[in-house]
Amino acid sequence: MIDSLNLLVMFILILNCVVALNNGLAKTPPMGWMSWGRYRCNTDCDNYPTECISEDLFKAVADEFISGGYADVGYEYIIIDDCWMENERDYLGKLMPDYRRFPSGIENLSEYIHSYGLKFGMYENYGNVTCEGYPGSKYHIATDVQQFAEWKIDYLKLDGCFTLSKELDYGFPEFSKQLNKTGRPIVFSCSWPYYQEHIFNIMPQYELVKKYCNLWRNYHDISSSWQSIKNTINFYGKNHKRMASYAGSGHWNDPDMLMIGNPGLSVSQCRIQMAMWAILAAPLIMSNDLIHISKETKDILLNREIIAVDQDPLGIQGSMFKDIFGDLKIWTRPLIPVINDYNSYAIAFINMHDKVDRKISVNIYSLGLKSPDGYTIMDLFTGDELRNITPNDVLQINVNPMDIVFYKLIIL
Ligand code: GLA
C-alpha cells in the first residue's frame, strides 16, 4: 500500500522532473561558432554580401567547419545571434526570418547544417524586443519555443534586454520548462545572471540558474579588444571561488565568445584567451571570420591539447592560485588522469603587463601538486613534453610581456 508520505515524495520527484532542466546536454562545455562578436547586426547584404547576417554566412561557416578541420577537433554548434528576424511577427503571431537574407527559410538552413552532422542554434530575447529591436518572446514563450523545436534547433541563447528583474526570474525558468516539454534536446544558454548582477545589482542565485540553464553569461559582452578580454579575466579572477562552485557537467559559466582571429588582438593575446577559457571550463564559442583567419590564430583554436583541457571530463572549473603585482596571474585547473586521489593539472602563468617580462620560481607542492611519484610537464602550446618533476622541485618560469606559459602537469 502506498501511504500518503510516499505519495507526496513521488509527487515531489515527478514535479522536479518537470521543472528542472534535465536534458542530459552540455556534459562538457559546448563548442561552436556564433555571429555576434564578429558580425554584430550587419543586415546590409547589398554592401556587405559576405558579412551580413544571412543564410549564406552560416552556410559558409558550416562548410568551413568541415573543410577547415574545426569539426574534427570538436566545434559543433553554429548559432545565429540577434538580427535574423523580420521586424514583425506573421499574422499568426509566429517569428519570421528576414526572407531577403534567409530566402530558403530557417528549416532549410537547419537541414544544411545538420547534413554535415553539425548542430544548429538560434537567439531570442525575453523582453518585448531583442537588444537590437526585433520581436522578443515576452508574451509568446510557448509559441516561440514550439517554433524553434519545429526548426530543429539544438541550442537556444536567451537574452534579457528590456526586462525587469522579476520578469527575468519568471521568463528564464519558463523558457526552460517549455524547452523541456518539446522533448527535443536543446542546450539552453541564459543571460539571466548577467542582467541580475550587472544591470539590477542583485547577486544571482546560481543554484537556481544552474537548475534551469546549461550555460549562462556572468559578465559584460566581450569585444575584439585586449581591454575587454582583460576585464573579463579579471572579473573571473576576483570571483573565482564564488563562480567555480556552480560549474560542472551540464552547467557552465560562460565568459562569452572566443574573439581569437579578429583584428584588435595580437597572437599572444589570442593565446591568453584560449588558455584562460580552457582553465575556466568555458564554452568555446568562436566569433570570427573563419575564411580569412590567419594560420597562427587558427592553430590556437585547433590546439587539441588545450581543447582537451577545456573539455576535461572532471568538469572542474579552475581557480586563480596567485596574483602577483596585479600583473602575473597563476591559474590552475585539476584534470584527469587521476592516480591514487592525486590529479593532473593545467597551470597557466599569465603576464598581463605589456612591457615588462616576469620571472617567477614556484614550488610544485605549494601549487597543490603533491603526488609523490611526480609529474611530466607538457607545454600545451607546443605539445612538447619537457621533463619530469616531483613535488619538491621548483619551477622557474619566465613569461614575456603580455604572454602566457601554459603547462599540463601529467601525473606519473
Ligand atoms: C546582448 C548579448 C550579446 C548579443 C547582443 C545581440 O548584448 O549579450 O551577446 O547577443 O545582445 O543584440
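The values are calculated or read from the model by the stated rules, or taken from the named source; none is laboratory data. Keep in mind that what you see is a predicted model, and the values were worked out from it rather than measured. A quick note on method: Cβ atoms are made from the backbone with ideal geometry, for glycine too, and the neighbour counts reach across all protein chains shown. Quick note on the areas: whole protein, heavy atoms, side chains included, nothing else; ligands and nucleic acids left out. Shrake-Rupley method; radii C 1.70, N 1.55, O 1.52, S 1.80 Å.
Looking only at the range 362-403, count every residue that is open to solvent by less than 70 Å² (accessible area, probe 1.4 Å) and either assigned to a loop (DSSP other than H, G, I, E, B) or over 24 Å from residue 341 (Cβ atoms) (or both) and tell me the total.
Of all residues in the range 362-403, those open to solvent by less than 70 Å² (accessible area, probe 1.4 Å) come to 362-364, 366-369, 371, 374-381, 383, 389-391, 393, 395, 397, 399, 401-403.
Still in the running and either assigned to a loop (DSSP other than H, G, I, E, B) or over 24 Å from residue 341 (Cβ atoms) (or both): 364, 368-369, 371, 374, 379-381, 383, 390-391, 393, 397, 399, 401-403.
Counting residues in the range 362-403 that are open to solvent by less than 70 Å² (accessible area, probe 1.4 Å) and either assigned to a loop (DSSP other than H, G, I, E, B) or over 24 Å from residue 341 (Cβ atoms) (or both) gives 17.
Say we look at the range 68-87 and pick out the residues that are assigned to a loop (DSSP other than H, G, I, E, B) and in contact with a Gly (Cβ under 6 Å, 6 or more places away or on another chain); which of these is nearest to residue 110 (Cα to Cα)? The selected residue is 76. Within the range 95-145, the set of residues being in contact with a helix residue (DSSP H, G or I) (Cβ under 8 Å, 6 or more places away or on another chain), under 25 Å from residue 60 (Cα atoms) and among the polar types (S, T, N, Q) comprises 104, 108.
A quick yes/no check of all residues on (1) over 21 Å from residue 25 (Cβ atoms); (2) among the charged types (D, E, K, R):
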| position | (1), (2) |
| --- | --- |
| 208 | no, no |
| 211 | no, yes |
| 214 | no, no |
| 220 | yes, no |
| 234 | yes, no |
| 262 | yes, no |
| 266 | yes, no |
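Any chance you could count how many residues in the range 131-181 are β-branched (Val, Ile, Thr) and either touching a residue at least 40 places away in the same chain (Cβ under 8 Å) or not assigned by TED's automatic domain parsing to the domain that holds residue 35 (or both)? Give the derivation first.
Residues of the range 131-181 that are β-branched (Val, Ile, Thr), as a first pass: 141, 143, 145, 153, 163.
Checking which are either touching a residue at least 40 places away in the same chain (Cβ under 8 Å) or not assigned by TED's automatic domain parsing to the domain that holds residue 35 (or both) leaves us with 143, 153.
The qualifying residues number 2.
Checked against (1) open to solvent by 40 Å² or more (accessible area, probe 1.4 Å); (2) within 23 Å of residue 152 (Cα to Cα); (3) outside any loop (DSSP other than H, G, I, E, B); (4) touching a strand residue (DSSP E or B) at 6+ places or on another chain (Cβ under 9 Å), residue 65 passes all but a single condition, namely (1). Filtering the range 121-144 to residues that are surrounded by fewer than 20 Cβ atoms within 10 Å (Cβ to Cβ), assigned to a loop (DSSP other than H, G, I, E, B) and over 23 Å from the mean Cα position of the chain (by Cα) leaves 128, 133, 138, 139, 140.
Just one residue in the set 186, 222 is within 13 Å of the ligand (Cβ to nearest atom) and hydrophobic (A, V, I, L, M, F, W, C); that residue is 222.
Residues in the range 23-50 that are within 12 Å of the ligand (Cβ to nearest atom) and among the hydrophobic types (A, V, I, L, M, F, W, C) were compared, and the one that is least open to solvent (accessible area, probe 1.4 Å) is 34. If you take the residues in the range 308-326 that are in contact (Cβ under 8 Å) with a residue 60 or more places away in the chain and part of a strand (DSSP E or B), which one is most open to solvent (accessible area, probe 1.4 Å)? Looking at residues that are in contact (Cβ under 8 Å) with a residue 60 or more places away in the chain and part of a strand (DSSP E or B), I get 323. Of all the listed residues (194, 170), the sole one being within 13 Å of the ligand (Cβ to nearest atom), open to solvent by 10 Å² or more (accessible area, probe 1.4 Å) and outside any strand (DSSP E or B) is 194.
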